[in-house]
């Protein structure tokens, strides 16, 4: 299993992650990219703990995502299945499991303060922390996409499902964008990746 995980994790995280997987009895499956999520956890009818993580994530996002999903398992085991999926029990469990990994041997120095800040009060997705999300994406392979905050006002762009939008004004943190075909307004997070159209 360690050999299978090696391409997906920072080197110094490999042994402790492998131990965590063994201790919690996780059946881990590395899957093709899903646009709507980086990973997920569920307990199947036979009682197996199944976690999936997208194969296309960089090593740092893969580690955060995997620990995020293991935290669901650990929180449900400790507090029961009636807790909120991203409530206080999950947050404290995620913090406890993640803290040992927030070290310079595992994360680049420039990410450490952003990760430490994020884990004071972790969100349901690291993508909702725009600063951390943008910093993590710097370690992704080049994909020809642009962040929405970099798109000029009034410029058309395409999202993953082919829909075309025109960028509008910023509203506090998010950007109002007009769906060209319907005239409806949608709000986009500044770290959304889009394809700018000519």
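Of the conditions (1) under 30 Å from residue 138 (Cβ atoms); (2) surrounded by 13 or more Cβ atoms within 10 Å (Cβ to Cβ), residue 100 clears all except one; give me its number.
(2)
I'm trying to understand the selection: among the residues of region 184-198, which are out of contact with any helix residue (DSSP H, G or I) (no Cβ under 9 Å at 6 or more places or on another chain) and under 13 Å from residue 156 (Cα atoms)?
195, 197, 198
Quick check: anything in region 38-45 modelled with pLDDT of 95 or more, outside any loop (DSSP other than H, G, I, E, B) and crowded, with 18+ Cβ neighbours inside 10 Å?
Checked against the condition, which is being modelled with pLDDT of 95 or more, outside any loop (DSSP other than H, G, I, E, B) and crowded, with 18+ Cβ neighbours inside 10 Å, region 38-45 yields no hits at all.
Out of 153, 160, which single residue is modelled with pLDDT of 95 or more and not assigned by TED's automatic domain parsing to the domain that holds residue 74?
153
Scan region 74-97 and tell me whether some residue there is within 22 Å of residue 138 (Cα to Cα), in contact (Cβ under 8 Å) with a residue 60 or more places away in the chain and buried (at least 17 other Cβ atoms within 10 Å of the Cβ).
There is no residue in region 74-97 that is within 22 Å of residue 138 (Cα to Cα), in contact (Cβ under 8 Å) with a residue 60 or more places away in the chain and buried (at least 17 other Cβ atoms within 10 Å of the Cβ).
Of all residues in region 25-36 being in contact (Cβ under 8 Å) with a residue 12 or more places away in the chain and exposed (fewer than 15 other Cβ atoms within 10 Å of the Cβ), which is farthest from the chain's Cα centre (by Cα)?
Residue satisfying both the conditions and the ranking: 25.
Quick one: how many residues across region 121-169 are without any contact (Cβ under 8 Å) to a residue 24 or more places away in the chain and either within 24 Å of residue 72 (Cα to Cα) or in contact with a helix residue (DSSP H, G or I) (Cβ under 8 Å, 6 or more places away or on another chain) (or both)?
Number satisfying all stated conditions: 4.
Tally time: how many residues in region 51-73 are surrounded by 24 or more Cβ atoms within 10 Å (Cβ to Cβ) and in a loop (DSSP other than H, G, I, E, B)?
Going through region 51-73 one residue at a time, the tally reaches 0.
The values are calculated or read from the model by the stated rules, or taken from the named source; none is laboratory data. Predicted, not measured: the structure shown is a model, and the values here were computed from it. A quick note on method: Cβ atoms are made from the backbone with ideal geometry, for glycine too, and the neighbour counts reach across all protein chains shown.
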